[in-house]
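Student: Please find one structure pasted underneath; my questions will follow.
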Amino acid sequence: MNDDPSAASPQYLDIPDAVRIAYHRSEGKGPCLVFLPGFRSDMTGSKALALEALAKSRGQAFLRFDYTGHGASSGAFTDGSIGDWSRDAIGAIEALTDGPLVLVGSSMGGWIMLLVARALASRIAGLVGIAAAPDFTEALMWKNMAPAQRAELEDKGVIYQPSDYDPEPTPITMKMIEDGRKHLVLDRAIALDCPVRLIHGQRDPDVPWAWSQRIADALTSEDVEVTFVKAGDHRLSQPPDLRRLVLVVDALLDQIEGV
């Protein structure tokens with residue numbers, strides 16, 4: 001018998017536009033804990049599984065899933081964009097959960113988290129960002145490209161960049177850049193008043209740690225705490241990082257439940 005939750009077969013949810021979302025869900029009390037993966041990541045990573053274990057230990061409802069073009073869900077990665085992936089998240093959450101929510105977003109998932117929270121504001125009980133990367137397509141990709149890269153992207157519609165996390169290069173599409181501009185959140189106040197916890201490694205080579213401070217400054221909520229990890233990288237997936245994440249989420253759930 002294999003007790004590894006990452007090896008379990010997912011369930012599938014069909015939502016409009018021929019989209020099939022792979023997911024794992026655990027029943028339990030509210031608020032439901034929802035994990036939102038990062039760019040080219042999926043729901044089988046160590047952070048998702050650590051949070052699933054926490055939820056089960058508390059008897060908390062939990063949901064993890066893959067965006068289209070990621071993991072076990074339908075579609076090609078190069079067909080997707082921030083708007084598509086936030087649509088996937090909203091569709092999965094609306095179909096598979098009830099009541100209040102605590103969203104946990106990693107990297108790009110932190111951007112999706114803010115978009116979902118804006119769309120489902122009345123249900124949001126709390127947010128946790130891990131190296132959250134809102135607006136990264138514009139501020140961290142497009143603005144950092146050389147003029148020749150921008151010209152190639154505009155001409156061909158896609159370029160490929162080396163990845164530190166995958167042997168295959170990362171495809172960057174013009175669709176993703178243009179769609180990202182429609183979903184920017186750091187250009188104005190983020191009108192959310194729930195408790196928010198942000199964790200960011202100060203040795204993150206991909207998303208500057210100051211990004212979490214920018215998010216904190218943009219949020220209207222007064223209950224915002226930012227944790228900087230001096231030796232932390234982008235993934236924050238080492239055992240001490242996972243323990244920290246679990247403690248932060250556990251304490252937030254206790255606060256929300258009035259424990």
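Student: Considering only the stretch 182-211, state which residues are basic (Lys, Arg) and out of contact with any helix residue (DSSP H, G or I) (no Cβ under 6 Å at 6 or more places or on another chain).
Tutor: Selection gives Lys182, Arg188, Arg203.
Student: I'd like the residue in the stretch 146-163 that is assigned to a loop (DSSP other than H, G, I, E, B) and closer than 27 Å to Leu115 by Cα and, out of all such residues, is farthest from the chain's Cα centre (by Cα).
Tutor: Gly157
Student: Any idea which of Val226, Val259, Val246 is in contact with a strand residue (DSSP E or B) (Cβ under 8 Å, 6 or more places away or on another chain) and among the aliphatic types (A, V, I, L, M)?
Tutor: Of the residues listed, the single one that is in contact with a strand residue (DSSP E or B) (Cβ under 8 Å, 6 or more places away or on another chain) and among the aliphatic types (A, V, I, L, M) is Val226.
Student: Could you please give the count of residues in the stretch 235-245 that are closer than 15 Å to Val128 by Cβ, over 16 Å from the mean Cα position of the chain (by Cα) and surrounded by fewer than 19 Cβ atoms within 10 Å (Cβ to Cβ)?
Tutor: Number of matching residues: 2.
Student: Hey, does the stretch 56-63 have a residue that's touching a strand residue (DSSP E or B) at 6+ places or on another chain (Cβ under 8 Å), surrounded by fewer than 17 Cβ atoms within 10 Å (Cβ to Cβ) and part of a loop (DSSP other than H, G, I, E, B)?
Tutor: Yes - at least one qualifying residue is present in the stretch 56-63.
Student: With the requirement that a residue be part of a helix (DSSP H, G or I), aliphatic (A, V, I, L, M) and closer than 16 Å to Leu198 by Cβ, what does the stretch 233-245 give you?
Tutor: Result: Leu245, single match.
Student: Okay, next question. Given the condition in contact with a Ser or Thr (Cβ under 8 Å, 6 or more places away or on another chain), free of Cβ contacts under 8 Å to residues at least 40 places away in the same chain and within 20 Å of Leu114 (Cα to Cα), answer yes or no: does some residue in the stretch 236-251 qualify?
Tutor: No, that holds for no residue.
Student: Sticking with this structure for a sec: Consider only pairs whose beta carbons are under 8 Å apart and that are at least six residues apart or on different chains; among these, list those whose first residue lies in the stretch 223-234 and is surrounded by fewer than 14 Cβ atoms within 10 Å (Cβ to Cβ) and whose second residue is polar (S, T, N, Q).
Tutor: Lys230/Gln202; Ala231/Gln202
Student: How many residues are in contact with a Leu (Cβ under 9 Å, 6 or more places away or on another chain) and either surrounded by fewer than 16 Cβ atoms within 10 Å (Cβ to Cβ) or farther than 17 Å from Ser107 by Cα (or both) if we restrict to the stretch 194-213?
Tutor: Total satisfying the criteria: 3.
Student: Right, here's the next one. Just name the residue that is surrounded by the fewest Cβ atoms within 10 Å (Cβ to Cβ) out of those in the stretch 172-187 that are assigned to a loop (DSSP other than H, G, I, E, B) and at pLDDT 95 or above.
Tutor: Leu184
The values are calculated or read from the model by the stated rules, or taken from the named source; none is laboratory data. Note that this is a predicted model, so its numbers are computed, not measured. Every residue, glycine among them, receives a Cβ derived from its backbone with ideal geometry; neighbour counts consider all protein chains shown.
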